[in-house]
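The values are calculated or read from the model by the stated rules, or taken from the named source; none is laboratory data. Keep in mind the model is a prediction, meaning the values are calculated, not measured. Cβ placement follows ideal geometry from the backbone for every residue including glycine, while neighbour counts extend to all protein chains displayed. In case anyone asks, the SASA skips ligands and DNA or RNA and just uses the protein heavy atoms, side chains included. Shrake-Rupley method; radii C 1.70, N 1.55, O 1.52, S 1.80 Å.
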Amino acid sequence: GAVVSQHPSWVICKSGTSVKIECRSLDFQATTMFWYRQFPKQSLMLMATSNEGSKATYEQGVEKDKFLINHASLTLSTLTVTSAHPEDSSFYICSARVRGRSYNEQFFGPGTRLTVL
Amino acid sequence: AQSVTQPDIHITVSEGASLELRCNYSYGATPYLFWYVQSPGQGLQLLLKYFSGDTLVQGIKGFEAEFKRSQSSFNLRKPSVHWSDAAEYFCAVADRDDKIIFGKGTRLHILP
């Protein structure tokens, strides 16, 4: 149980285009999902917290107009990188918090490799 | 603000040798602590976690970690490593807002 999937697993796009990444909790409901970014050989940096039915909360320094997050249901959150540029190339990982748990436990997706040409 | 320090960027051990990866955290209250492993190009796999109770935590793949409040540490150990343990290891701390803060990671190399 507690499986999180991401789609696509990798994507290559041209500069200036927008890319949507999906994060799904397959066998549980997730009231909260998190989006992380990981540059090569670096750690994961939290970008935003996504709560079902409300606006995402972005970390300092993350452009909310560039990284659009939608959490329309208890099993799906999407991250759209708008007008992507080469510096947006990165590994994007989502995680989902299990609803009803009394403690913080997040389950991570396998990640999406974005390459912007 | 909470933070996690992994002082070793790279660690190399021989197969069959014991392993200890260091982790220090900074957090005002009792933290939620985690160790994750990441293979190249892959997502994160949870090895173990500490929320409360017994300070020696057993995880998957033969790993264990010990929470030491006095030292603000949560070091990861394994008595005998296998070549398949070569990966990146992240220590992490979570606050009451559910935000997980990761350390910079330690790359583990295994010598045959």
Original post:
Given the C-alpha centroids of the range A:69-95 and the range B:23-65, what is the distance between them in whole angstrom?
Top reply: 26 Å
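Please compute the average number of Cβ atoms from other chains found within 10 Å of each residue's Cβ in peptide B:98-109.
Details: counts 9, 7, 10, 4, 7, 2, 4, 5, 0, 1, 0, 0.
Mean partner-chain Cβ count within 10 Å for B:98-109: 4.
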Subject >> Heavy atoms of B:Leu21 accessible to a 1.4 Å probe, total area in Å² rounded to 10 >> reply: 0 Å²
**OP:** Using the 4.7 Å Cβ rule, please list in number order the cysteines from the protein assembly as shown without any candidate partner.
**Re:** A:Cys13
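Which of B:Lys49/B:Lys99; A:Lys20/A:Lys41; B:Lys78/B:Lys99; A:Lys14/A:Lys66; A:Lys55/B:Lys49 have a Cα-Cα distance over 18 Å?
As for pairs spanning more than 18 Å Cα to Cα, those are A:Lys20/A:Lys41; B:Lys78/B:Lys99; A:Lys55/B:Lys49.
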Original post:
How much accessible area does B:Ser72 have with a 1.4 Å probe, in Å² rounded to the nearest 10?
Top reply: 40 Å²
Subject >> B versus A: buried accessible surface, summed, Å² (probe 1.4 Å, to nearest 100) >> reply: 1500 Å²
**OP:** Restrict the search to the range A:1-64; then list the GluC sites (Glu not before Pro) that DSSP places in a loop and that have at most 16 other Cβ atoms within 10 Å of their Cβ.
**Re:** A:Glu59, A:Glu63
Original post:
Residues of B:38-44, mean number of Cβ from any other protein chain within 10 Å of their own Cβ, rounded to a whole number?
Top reply: 6
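Using a cut-off of 12 Å between beta-carbons, work out the net charge of the residues near B:Leu19 (Lys and Arg +1, Asp and Glu -1, B:Leu19 not included).
Neighbour charge sum, excluding B:Leu19 itself: -1.
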Subject >> Phi to ³J(HN,Hα) by Karplus 6.51 cos²θ - 1.76 cosθ + 1.60 over the range B:6-16, Hz, x for Gly, Pro >> reply: 10, x, 9, 6, 10, 9, 10, 9, 7, 4, x
Original post:
So what is the relative contact order for chain A, in percent, with contacts set as C-alpha pairs under 8 Å and at least six apart?
Top reply: 37 percent
Original post:
In the range B:20-112, what trypsin sites (Lys or Arg not before Pro) fall in a loop by DSSP, with at most 10 other Cβ atoms inside 10 Å?
Top reply: B:Arg96
Subject >> Peptide A:105-112 - average C-beta neighbours from other chains (10 Å radius) >> reply: 5
Original post:
Taking all pairs of different Cα atoms in chain B, averaging 1/r and flipping that mean, what Kirkwood radius in angstroms comes out?
Top reply: 14.0 Å
Original post:
Using a 1.4 angstrom probe with every protein chain in place, what is the largest-first accessible-area order of B:His82, A:His71?
Top reply: B:His82, A:His71
